[in-house]
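Scroll down for the structure; my scribbles are underneath it.
Computed from the coordinates by the stated procedures, all read-outs in this text should not be read as laboratory data. Bear in mind the structure is a predicted one, so any value in this text is a computation, not a measurement. Neighbour counts run over all protein chains shown; Cβ positions are idealised from the backbone, glycine included.
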Amino acid sequence: MRQTANYHTHTHRCHHAYGCEWEYVERAIAGGLKTLGFSDHTPWPKNDAWPKVRMKMEQLPEYIETIEALRRIYGDRIQLLIGLEVEYLPDQFEALMEQLREDGRVQYLILGQHFHCEEGYPASGKPFKEKERLARWVDNMIEGFHTGKFLYVAHPDVANFKGNPFFYKKQMKRLCRAAKECGLPLEINGQGYRAGFYYPQNRFWKIAGKEGCKVVIGMDAHKPSGICDWKEMDHLMRIAKRYGLEILDELEIKELFA
Ligand SMILES: [Zn+2]
Ligand SMILES: [Zn+2]
């Protein structure tokens, strides 16, 4: 069975995605999706956290309005959702939420913890061995889970930890347990596979399987061709099956500010 929903889609505003939004939408319709969620990298109120990979706060209304305009054109064929991929940055998270609450049009957030607050990128990218860094990253994620603001956890296996494997296992177990407790599905990420990155990491999914986590298959499209590449999606589904992970498709979108 093929999935009918994808909640992880970028736009050119993050400076590392390409194409027009309508091209993503048309590929999604052609591929039989019923729901396509845009979740570009969030802007931050201070415009200071890794500004090269995200839109500026001033661009947020235009991002939202572009998706709203597409809804008027394609709305009878596909459900288009307005989301953001957000790190959990404790010092700015509340301020961001305040802005989103005021605007009222962003419908969901996915947690993509590319780095933790004090130190650049421990995760996506360079390998690292420091135990403390991995533990802090997990702490940060778990704090994010407990805000109750996230729909799911994007690429939870993004930490490129090359240190002690027993420590890795212990920390990932902690992460998986907390996600399960908070009712958060974990995403097996398409972009990681597509780009030949070090994730999806089997060692992580084996732990997630043992902990009984639920998963979502996320395309994480940075180009229209990243939408509905079924060969790729089949590969991600095989990972889920290998480790006995239950795959979710359409998710319930609750009010972000109930
Ligand atoms: Zn990401
Ligand atoms: Zn992404």
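Can you tell me which residues in region 1-55 are within 15 Å of ligand 1 (Cβ to nearest atom), outside any strand (DSSP E or B) and within 18 Å of Leu236 (Cβ to Cβ)? Scanning region 1-55 gives Tyr7, His8, His10.
I'm trying to understand the selection: among the residues of region 148-190, which are of a type in the set (Lys, Arg) and over 24 Å from Tyr7 (Cβ atoms)? Walk me through how you get there before you give the answer.
Quick first cut of region 148-190, residues of a type in the set (Lys, Arg) only: 149, 162, 169-170, 173-174, 177, 180.
Listed by number, the residues that qualify are Lys162, Lys169, Lys170, Lys173, Arg174.
Evaluating Glu94 against the criteria (1) assigned to a loop (DSSP other than H, G, I, E, B); (2) surrounded by fewer than 20 Cβ atoms within 10 Å (Cβ to Cβ); (3) within 21 Å of the chain's Cα centre (by Cα) leaves one unmet condition, (1). Check region 179-196 and report whether any residue there is surrounded by 22 or more Cβ atoms within 10 Å (Cβ to Cβ), more than 16 Å from ligand 2 (Cβ to nearest atom) and assigned to a helix (DSSP H, G or I). Yes, region 179-196 has at least one match. Can we say Ala69 is farther than 28 Å from Asp139 by Cα, exposed (fewer than 14 other Cβ atoms within 10 Å of the Cβ) and of a type in the set (A, V, I, L, M)? Criteria met by Ala69. Taking the residues in region 128-178 that are over 29 Å from Gly37 (Cα atoms) and in a loop (DSSP other than H, G, I, E, B) as candidates, determine which candidate is farthest from ligand 1 (Cβ to nearest atom). Selected residue: Asn164. Do we have any residue at all in region 154-176 that's away from ligand 2 (no atom under 16 Å from the Cβ), touching a Cys at 6+ places or on another chain (Cβ under 9 Å) and over 30 Å from Ala95 (Cβ atoms)? No, region 154-176 contains no residue that is away from ligand 2 (no atom under 16 Å from the Cβ), touching a Cys at 6+ places or on another chain (Cβ under 9 Å) and over 30 Å from Ala95 (Cβ atoms).
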